[in-house]
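These notes concern the structure reproduced below.
The values are calculated or read from the model by the stated rules, or taken from the named source; none is laboratory data. The model shown is predicted, which means the values in this text are computed figures rather than measured ones. No Cβ is skipped: glycine too gets one built from the backbone with ideal geometry, and neighbour counts run over all protein chains shown.
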Amino acid sequence: MSQAKGIIAVVIGLVLFLTAIDGFYIVHETEQVIITQFGDPVGEAITQPGLKFKIPFMQTANFFEKRYLEWDGDRNQIPTRDKKFIFVDSYARWQITDPLQFYQRLGNERGAQSRLDDILDGETRNAIASHDLLEIVRTSNREPDTSGAAILEVVEDSLETIETGRGFIQDEIQEKGNERAKDLGIVILDFRIKRVNYVEDVRQTVYDRMISERNRIADEFRSEGQGEASRINGEKERDLARIQSEAFREAEIIRGNADAQAAAIYNAAYNKSPQARELYSFMRSMNAYVKTMDDQTNVILSTDSDFFRYLNRID
């Protein structure tokens, strides 16, 4: 009898233990809970953290995130309004705001991700197809630095005015996505286009066109630089010729003045006395002999030559 009582006590204890385990649950600060009974929601959503109780074995606690969740879109090929085929990669952040409605409409986060794929990918396609590529790539109009014509020429192909821009398109997709998701118990907090690129079959063509355009601009700069270099070299040669001409003229003036002064000195010395004239004539002749004759020089002179006069008197 006592053994049977012990078995019954153990069974009752085990039942109470399992009941306590299944009946109590903990809600963390990052969680919110919907209680279901045989698959149907019971009561309101539990959003306050703490230790909670439910009917054991009959009710189930369904936990959902209270924090921001991530949605990463597929890389889709989409045509723009100006018939440019591009790949668009996007992402978003969303949050469960009404757990009860979320559970009833979507069930879990996997269902929400699938529904967001339909909503955001569809709105992205509609928005991209309704705008030109320039609107999707740029966010605002550009103000070039007009201080240099060269800089202006480089960017003039990127100065086309846009009316909306990527920021407006992203906000438009987010707004329309929230309109379609308003009865799902979620809200789209942020939407961004992560990357935009041409499809592979036209990307190389676009790159070649860009390279060709930049080479053309580089050739124009190079031509302008060569023209400027030629102008500078021409001015340099002109200034050099002018300086050399002025220097030559100054040198000739100085040389002429020096010759005039030397001639005046010679003339004064020559006219001073017969002995001075004779000495001057002798010195000039000696200098002439030194400059014109050496041991390898043969000179043929007549006997009455003035140049031979002093040589003839040397014994």
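Numerical summary
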{"quantity": "In the range 68-82, the residues that are out of contact with any strand residue (DSSP E or B) (no Cβ under 9 Å at 6 or more places or on another chain) and either surrounded by 13 or more Cβ atoms within 10 Å (Cβ to Cβ) or not assigned by TED's automatic domain parsing to the domain that holds THR124 (or both)", "calculated": "ARG81"}
{"quantity": "Top-ranked residue of the range 27-53 - restricted to ones that are of a type in the set (Val, Ile, Thr) and more than 17 Å from GLN104 (Cβ to Cβ), ranked as surrounded by the most Cβ atoms within 10 Å (Cβ to Cβ)", "calculated": "VAL27"}
{"quantity": "Subset tally (residues that are in a strand (DSSP E or B) and of a type outside the set (Asp, Glu)) for the range 35-67", "calculated": "18"}
{"quantity": "Hey, ILE78 over 22 Å from GLU175 (Cα atoms) and either without any contact (Cβ under 8 Å) to a residue 12 or more places away in the chain or not hydroxyl-bearing (Ser, Thr, Tyr) (or both) or not", "calculated": "no"}
{"quantity": "Residues (within 27 Å of LEU100 (Cβ to Cβ), among the charged types (D, E, K, R) and not in a strand (DSSP E or B)) located in the range 172-206", "calculated": "GLU175, LYS176, GLU179, ARG180, LYS182, ASP183"}
